[in-house]
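Please read the structure below before turning to the comments.
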Amino acid sequence: MTVSVHRPAVRARAAHGGPGPLRLAVCAATIAACVPYLTIKIAWLSGSTVGWNDASAAEGSALYVGNAITLGMDAAAVLVALAFTFRWGRRIPAWLVLAPIWIVVGLLAPIVLAVPLGTLLQALFSSEPLTGGDNALQGWVYGMVYTGFTVQGVGLLAAFVLYARDRWPRIFEIRTRSVPKGPTHSLQVLLARGAAVPGAVFAAAQLFWAFGGTAGLRGHELADRNLAQQLADGVEGLLGAACVVALILIVQRAGRPARFAVPLAVAWAGSGAMFAASLYGLLVVLAQPGFLAPDAASATGLVALAGVLTGLVTGLTGAFLLAEGQSARPMASSTP
């Protein structure tokens, strides 16, 4: 009787306690990394041309809208970091937490994995500028922005892991083969296997460009190529391929890797990268003037479309899996 009363009391005190020093430090570092980007976006939206080599290049309604959207996205990253840190974040519906962090991981994972190493390789082994052929912005802007993105990506991922371990602890304990099969399992298998085709196309194209291939690229895309960009393409290709493989292992309830959290994390990051990064790339292609002209055909648009579709299908498949798993009793009671 004493034990049964004592344990809920301990859990209640833990639940009502504030965030620990680690969470506060991660949150503070993440928000601090957002401040420079938010500041320069606000300055540009206010009419400033700080950081621009050509003031006329900073004009245009499309650029204004793009700056407003990216400002809102980085402001949302601040809110997400706060939600992962403080107790009120646990009361937010799961979908309202998972959807933004899925997009954030998708956008920032390739940057975190590719930009620091790619920048180092570019500086050591190439005489080309770090910004490729794009000289519209001054060099310090790229350094500030991508350093901030790298810290944001690491910080948000760390904050999310700490948050998820508290809110969904069984995800980190259950084995892949023990995840219950819900009523949509057959559909999950079909979608996972079907996504392998466009996923393979996406991964193959990205890896082709990563290793120096230029087929399908247009003039300005060739001008912007450098080692950092090639490494980013390679990372996106590997994430896409790993996502499809991990999701198939999950839906087939494979015995390896044993811990469900491992293939889930790979599928999560890969699907988010394919969807978010490819959607951004597709919007950039569509925003180009004259993109419908006969001589403007580019394989990058088709590859980006394949990435968007594959990321969306794999992401929804994972959402079905998690929703059914959380509502099923076997998942809540099974042992690791």
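The values are calculated or read from the model by the stated rules, or taken from the named source; none is laboratory data. Model, not experiment: these values are computed from the prediction. Note that we place each Cβ from the backbone using ideal geometry, even for glycine, and neighbour counts take in every protein chain shown.
Which residues, taken from the range 212-233, are outside any helix (DSSP H, G or I) and either of a type outside the set (S, T, N, Q) or outside the structural domain of Val308 (by TED's automatic domain parsing) (or both)? Working first, answer last.
At the first step, the residues of the range 212-233 found to be outside any helix (DSSP H, G or I) are 212-218, 224-226.
Within the range 212-233, Gly212, Gly213, Ala215, Gly216, Leu217, Arg218, Asp224, Arg225 meet the criteria.
Within the bounds of the range 129-149, is there any residue that is among the β-branched types (Val, Ile, Thr), in contact with a strand residue (DSSP E or B) (Cβ under 9 Å, 6 or more places away or on another chain) and modelled with pLDDT under 90?
For the range 129-149, residues among the β-branched types (Val, Ile, Thr), in contact with a strand residue (DSSP E or B) (Cβ under 9 Å, 6 or more places away or on another chain) and modelled with pLDDT under 90: present.
Report whether or not Ala200 is assigned by TED's automatic domain parsing to the domain that holds Ala254 and crowded, with 17+ Cβ neighbours inside 10 Å.
Working: assigned by TED's automatic domain parsing to the domain that holds Ala254: yes; crowded, with 17+ Cβ neighbours inside 10 Å: no.
It is false that Ala200 is assigned by TED's automatic domain parsing to the domain that holds Ala254 and crowded, with 17+ Cβ neighbours inside 10 Å.
Could you list all residues from the range 184-211 that are in contact with a helix residue (DSSP H, G or I) (Cβ under 7 Å, 6 or more places away or on another chain) and assigned to a loop (DSSP other than H, G, I, E, B)?
Thr184
Determine, yes or no, whether Trp102 is without any contact (Cβ under 8 Å) to a residue 12 or more places away in the chain, among the aromatic types (Phe, Trp, Tyr) and not assigned by TED's automatic domain parsing to the domain that holds Ala269.
On the way: without any contact (Cβ under 8 Å) to a residue 12 or more places away in the chain: no; among the aromatic types (Phe, Trp, Tyr): yes; not assigned by TED's automatic domain parsing to the domain that holds Ala269: yes.
Against the criterion (without any contact (Cβ under 8 Å) to a residue 12 or more places away in the chain, among the aromatic types (Phe, Trp, Tyr) and not assigned by TED's automatic domain parsing to the domain that holds Ala269), Trp102 does not qualify.
For Val35, indicate whether it is at pLDDT 90 or above, more than 24 Å from Ser278 (Cα to Cα), in a loop (DSSP other than H, G, I, E, B) and of a type outside the set (D, E, K, R).
Working: at pLDDT 90 or above: yes; more than 24 Å from Ser278 (Cα to Cα): yes; in a loop (DSSP other than H, G, I, E, B): no; of a type outside the set (D, E, K, R): yes.
The answer is no for Val35.
Looking at Gly118, is it modelled with pLDDT under 90, surrounded by 15 or more Cβ atoms within 10 Å (Cβ to Cβ) and farther than 28 Å from Val78 by Cβ?
Numbers: modelled with pLDDT under 90: yes; surrounded by 15 or more Cβ atoms within 10 Å (Cβ to Cβ): yes; farther than 28 Å from Val78 by Cβ: no.
Criteria not met by Gly118.
Is it the case, given these coordinates, that Ala192 is crowded, with 17+ Cβ neighbours inside 10 Å, more than 21 Å from Leu321 (Cβ to Cβ) and of a type in the set (A, V, I, L, M)? So that I can check it myself, show each step before the final result.
Numbers: crowded, with 17+ Cβ neighbours inside 10 Å: yes; more than 21 Å from Leu321 (Cβ to Cβ): no; of a type in the set (A, V, I, L, M): yes.
It is false that Ala192 is crowded, with 17+ Cβ neighbours inside 10 Å, more than 21 Å from Leu321 (Cβ to Cβ) and of a type in the set (A, V, I, L, M).
Can you tell me which of (1) farther than 23 Å from Thr39 by Cα; (2) not assigned by TED's automatic domain parsing to the domain that holds Ala265 is the one Gln138 doesn't meet?
(1)
Please go through the range 43-85 and pick out each residue that is surrounded by 16 or more Cβ atoms within 10 Å (Cβ to Cβ) and not in a helix (DSSP H, G or I).
Correct list: Gly51, Trp52.
Answer yes if at least one residue in the range 91-114 is over 24 Å from Leu264 (Cα atoms) and modelled with pLDDT under 95, and no otherwise. Lay out the reasoning, then the answer.
Quick first cut of the range 91-114, residues over 24 Å from Leu264 (Cα atoms) only: none.
Within the range 91-114 (the criterion being over 24 Å from Leu264 (Cα atoms) and modelled with pLDDT under 95), the answer is no, since none of the residues qualifies.
Quick check on the range 234-269: of everything there that is among the charged types (D, E, K, R) and either over 14 Å from the mean Cα position of the chain (by Cα) or in a loop (DSSP other than H, G, I, E, B) (or both), which residue is modelled with the lowest pLDDT? It would help to see each step written out before you state the result.
Initial filter on the range 234-269 (among the charged types (D, E, K, R)): 236, 253, 256, 259.
Remaining after also requiring either over 14 Å from the mean Cα position of the chain (by Cα) or in a loop (DSSP other than H, G, I, E, B) (or both): 253, 256, 259.
Details: Arg253: 90, Arg256: 81, Arg259: 89.
The qualifying residue modelled with the lowest pLDDT is Arg256.
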